[in-house]
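The block underneath contains the structure these notes are about, expressed in structure tokens.
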Amino acid sequence: MTTVLVLHSVSLVRSALAALLRSEGPFDVTSAGWRTASRRAESLRPDVTVVDVDCPGAAAALASGGNADRQGLPSTSRVLMLASAGTPGTLHRAFRAEARGYVDKGGSPGRLVRAVSQVAAGERFIDASLASAFMEADPAPLSRRELSVLARAAEGDSIAEIAGTLHLATGTVRNYMAAATRKTGARNLIDAIRISRREGWV
């Protein structure tokens, strides 16, 4: 039996995804929102974690990359991303987070079931419809840490909250914010967040 954790910020969507997987394969499925993701991941230790790359909570988790400190994404689980071909920047961000599979959200339910099975078996899965988007994806001009700080800021966290979450000094957080603003060519931090969201970096 393959254990699967479905993470999504919308309760109805994650419940529907979990129900689909339970009905179509030999999967033991649990679903959770981002607020309880870390706790569920720690207790469940899933074989596969399914994440919608466009969810608000996914931005901060993916910005940390493929490290053990990526918030909400268990380091021991293989990650499967639900993505859209129209947002190549988010695909690049998912690739940096070392996701093992990528499923087009516009595809059939059967594709998701197949992807979970392949990723659980240690294989990679990339929907053909997403292949060209991968090639179009431009790398973000920001460092991994700058992306982490910007993603937390985009979620509405204060400088003190970001410092506490990422284990940084408040002055260091301000420096990363300033660097992100400069590198994106933005007028200010809010503009940097807008540009980064448009490009799919956070």
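The values are calculated or read from the model by the stated rules, or taken from the named source; none is laboratory data. Just so we're clear, the structure is a prediction, and the values are computed from it rather than from any experiment. Every residue, glycine as well, gets a Cβ built from its backbone with ideal geometry; the counts of neighbours run over all protein chains shown. The accessibility values were calculated without ligands, DNA or RNA, using every heavy atom of the protein model including side chains. Shrake-Rupley method; radii C 1.70, N 1.55, O 1.52, S 1.80 Å.
Take the residues in the range 21-39 that are part of a helix (DSSP H, G or I) and under 21 Å from the mean Cα position of the chain (by Cα); name whichever of them is modelled with the highest pLDDT. Here the answer is 21. Using the structure shown, decide if residue 178 is over 21 Å from the mean Cα position of the chain (by Cα) and hydrophobic (A, V, I, L, M, F, W, C). Judged against the criteria, residue 178 is a match.
The set of residues in the range 10-32 that are among the small types (Gly, Ala, Ser) and either under 19 Å from residue 99 (Cα atoms) or surrounded by fewer than 16 Cβ atoms within 10 Å (Cβ to Cβ) (or both) comprises 11, 15, 16, 19, 23, 31, 32.
Selection of helices (runs of 4 or more DSSP H) fully inside the range 67-165 by the criterion of at least 3 residues being under 30 Å from residue 175 (Cα atoms) and either of a type outside the set (A, V, I, L, M) or at pLDDT 85 or above (or both) returns 88-96, 144-154.
Among residues of the range 148-202 being polar (S, T, N, Q) and without any contact (Cβ under 8 Å) to a residue 40 or more places away in the chain, the one that is nearest to residue 86 (Cα to Cα) is 181.
Residues that are more than 29 Å from residue 46 (Cβ to Cβ), among the aliphatic types (A, V, I, L, M), in a helix (DSSP H, G or I) and open to solvent by 60 Å² or more (accessible area, probe 1.4 Å) do not occur anywhere in the range 172-181.
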